[in-house]
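Novice: I am attaching a structure below and will ask some questions about it afterwards.
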């Protein structure tokens, strides 16, 4: 039953992303940064300004130094103040403040869309990528068992990407992991209301 529910969540999320990006929207995979200001472009969505302190016990993933720059055709720097994290084998995009805020809540938990990339990935050639995503709560007992219900996507700001939805059963400090073709990437985020 949980797998069926996750498939429904992924279907809804992928449909929502397609609807947001078909007209060149600016949908992203994580919540907007606390300092993000809305723009006057026709695709901008108003974003409230808020700040959330991350506990010292939650080792959120920081921008790497030196910065990871993905291979072409991806931009050297992602849009909206985000940063690339990973390697050419598997990477994602994260906010420097390390928080996921104001996520929608389903009966399975707090839901978010995650984008993943790899060198050479072309969304039209691999519609259902063999990406496995899992999560474990670092400040509690929460676990999201590995699942492989990913889909594909494209957006001008990001180019081709793999998309997976995730439902975290509780707020708190979470390690998110993705695995694709034997390459694993993990990062830590603080999930807050």
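Derivation of every value follows stated rules applied to the coordinates shown; laboratory data play no part. For clarity, every value in this text was computed on a predicted model and none was experimentally measured. Here the Cβ is made from the backbone with ideal geometry for all residues, glycine too, and neighbour counts use every protein chain on show.
Novice: State the antiparallel share, in %, of DSSP beta bridges confined to region 100-193, rounding to the nearest 5.
Specialist: Percentage antiparallel, nearest 5: 95.
Novice: Same structure again: With an 8 Å cut-off on Cα pairs and a minimum separation of 6 or more residues, tell me the relative contact order of region 51-193 in percent.
Specialist: 27 percent
Novice: Just to compare against my own numbers: the Cα pair-distance distribution for region 58-161, 5 Å bins, whole % per bin, please.
Specialist: The distribution over region 58-161 is 2, 10, 19, 23, 21, 16, 8, 2, 0, given as percents.
Novice: Hull surface divided by four, with the convex hull built on the Cα atoms of region 87-148: how many nm²?
Specialist: For region 87-148, the mean projected area of the Cα convex hull comes to 5.9 nm².
Novice: While we're on this one: Provide 190, 174 in ascending order of the number of other Cβ atoms located within 10 Å of each residue's Cβ, fewest first.
Specialist: Final ranking by Cβ density, sparse to dense: 190, 174.
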